[in-house]
Amino acid sequence: MDEQLQKVLSDLTVLNEQVRQGEVYQSLGPRLGQIMDGIKRHRRTTVTLPDDQDGVKDVLTDFRHQLDQQVPVTLPNNQLRLLLDHLASTDAELRYQGINFTFYDAFQQDALDTQQLTFILDELLRPEALFAHILEPTNNAVFGRASRVAMLGVVLHFLDQYGDYNDVDKLHQAVLLSAAYLCLETDTRGFVNQSGWAHAFTAIADLLAVLSNSHKLPRAEKLFLMTALMERIKRLNTPLIYGENDRIANYLAETTGRSGLYADALVLILKNWRQQVALNRRPDNIGGWNRFFNRKRLLDALRLRQDLPKTLKAYLSSTIDFLG
């Protein structure tokens, strides 16, 4: 793994532990922001895509057939891994309608046992795949990254339904990798011609919603992730305009509705964000204006929610002004 990625993970591990121990609270946002701002981007390198003629379609057909027969899935691990590797395909029909939907149907039908789900989880948590080419300018690796993040949320959701699944260490690993993903990912593309949906920030919002809903994670880890998401959104220089703000608002509403701790933390983040925007009311470049309107669209999406905590709703009502 890239040395810089290792350092990001190491820094996040230390900071997360400090949050868990109650040593860091109000400074969490700035500390996460420092990690993000210290990341150096790389030049573009060649993205190696999976070979969609390597037999994966036959494996997918067999997978689909077993589900249609409503029998337990008997695919060996090497075939499950082959399917997961092809989440990086730029063929939207294979990646999205094919592999993604078939796995989801398998989860819904309870056709995979805990051992298979755990194997899939381990594959999805591999950093070299989750962070492939993430420090480079926009590239085709985003499809694999975003697809893995999206499926990670689904797998964790279904594993959370198993009363006998209590691998807290694996959940903690998912938290750290999710926070790292937020520190590293900057590709905000939604639908891409010829390749279908990238939607990385929709995927990560859905994953955070699953983690936030888990009773097996402490509040500190949920606060850690919510703050990481907000610090990343503050820094995006490209627009979120493909429905991501609605999904993010949904996640924030659900999370802050669970505890006053999260609501108070989000209000503090929004107040600090507003102060930062007020210092630069008239951006002089496209990145600045994209940051301005990303904030405005997210606040608008939050204001449309009817299920916000009173403290958050009161703050949003008091800040409808020229800052957006």
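Evaluate region 210-222: report whether one residue or more is within 11 Å of the chain's Cα centre (by Cα), β-branched (Val, Ile, Thr), open to solvent by 10 Å² or more (accessible area, probe 1.4 Å) and closer than 25 Å to TYR96 by Cβ.
The answer is yes, given that some residue of region 210-222 is within 11 Å of the chain's Cα centre (by Cα), β-branched (Val, Ile, Thr), open to solvent by 10 Å² or more (accessible area, probe 1.4 Å) and closer than 25 Å to TYR96 by Cβ.
Mind listing whichever residues of region 59-75 are surrounded by 11 or more Cβ atoms within 10 Å (Cβ to Cβ) and more than 18 Å from ASN100 (Cβ to Cβ)?
VAL71, PRO72, THR74
Return only the number of the condition from (1) farther than 18 Å from PHE201 by Cα; (2) assigned to a helix (DSSP H, G or I) that ILE233 does not satisfy.
Single failed check for ILE233: (1).
Restricting to region 261-282, count the residues that are surrounded by 14 or more Cβ atoms within 10 Å (Cβ to Cβ) and either of a type in the set (Gly, Ala, Ser) or not in a helix (DSSP H, G or I) (or both).
2
Just to be sure, is HIS86 at pLDDT 95 or above, under 27 Å from PHE119 (Cα atoms), in a helix (DSSP H, G or I) and open to solvent by 30 Å² or more (accessible area, probe 1.4 Å)?
No, not satisfied.
Name, by its number, the condition in (1) among the hydrophobic types (A, V, I, L, M, F, W, C); (2) closer than 17 Å to LEU152 by Cα; (3) surrounded by 14 or more Cβ atoms within 10 Å (Cβ to Cβ) that does not hold for ALA92.
With (1) among the hydrophobic types (A, V, I, L, M, F, W, C); (2) closer than 17 Å to LEU152 by Cα; (3) surrounded by 14 or more Cβ atoms within 10 Å (Cβ to Cβ) applied to ALA92, the lone miss is (2).
Considering only residues that are more than 22 Å from the chain's Cα centre (by Cα), open to solvent by 60 Å² or more (accessible area, probe 1.4 Å) and under 17 Å from THR238 (Cα atoms), which ones fall in region 283-315?
Of everything in region 283-315, those that are more than 22 Å from the chain's Cα centre (by Cα), open to solvent by 60 Å² or more (accessible area, probe 1.4 Å) and under 17 Å from THR238 (Cα atoms) turn out to be ASP284, ASN285, ILE286, TRP289.
Please count how many residues of region 159-171 are in contact (Cβ under 8 Å) with a residue 40 or more places away in the chain, within 24 Å of THR102 (Cα to Cα) and open to solvent by 30 Å² or more (accessible area, probe 1.4 Å).
2
For region 38-58, give me the residue count where each residue is within 16 Å of LEU135 (Cβ to Cβ), free of Cβ contacts under 8 Å to residues at least 12 places away in the same chain and open to solvent by less than 100 Å² (accessible area, probe 1.4 Å).
Going through region 38-58 one residue at a time, the tally reaches 1.
Give me a count of the residues in region 1-30 that are closer than 17 Å to LEU130 by Cβ, open to solvent by 80 Å² or more (accessible area, probe 1.4 Å) and either modelled with pLDDT of 95 or more or in contact with a Phe, Trp or Tyr (Cβ under 7 Å, 6 or more places away or on another chain) (or both).
Counting residues in region 1-30 that are closer than 17 Å to LEU130 by Cβ, open to solvent by 80 Å² or more (accessible area, probe 1.4 Å) and either modelled with pLDDT of 95 or more or in contact with a Phe, Trp or Tyr (Cβ under 7 Å, 6 or more places away or on another chain) (or both) gives 2.
Out of region 113-162, which residues are at pLDDT 95 or above, part of a loop (DSSP other than H, G, I, E, B) and not β-branched (Val, Ile, Thr)?
LEU125, ARG126, PHE131, ALA132, HIS133, LEU135, GLU136, PRO137, ASN139, ASN140
Consider region 283-306. How many of its residues are in contact with a Phe, Trp or Tyr (Cβ under 9 Å, 6 or more places away or on another chain) and either of a type in the set (S, T, N, Q) or assigned to a helix (DSSP H, G or I) (or both)?
Matching residues across region 283-306 total 1.
Which one of the conditions (1) surrounded by fewer than 19 Cβ atoms within 10 Å (Cβ to Cβ); (2) within 30 Å of THR46 (Cβ to Cβ); (3) aromatic (Phe, Trp, Tyr) does TYR181 fail to meet, given that it meets all the rest?
Here TYR181 clears every test but (1).
The values are calculated or read from the model by the stated rules, or taken from the named source; none is laboratory data. Being a predicted model, the structure only gives us computed values, none of them experimental. Glycine also receives a Cβ, built like all others from the backbone with ideal geometry; neighbour counts cover every protein chain displayed. For accessibility, only protein heavy atoms count, side chains too; no ligands or nucleic acids. Shrake-Rupley method; radii C 1.70, N 1.55, O 1.52, S 1.80 Å.
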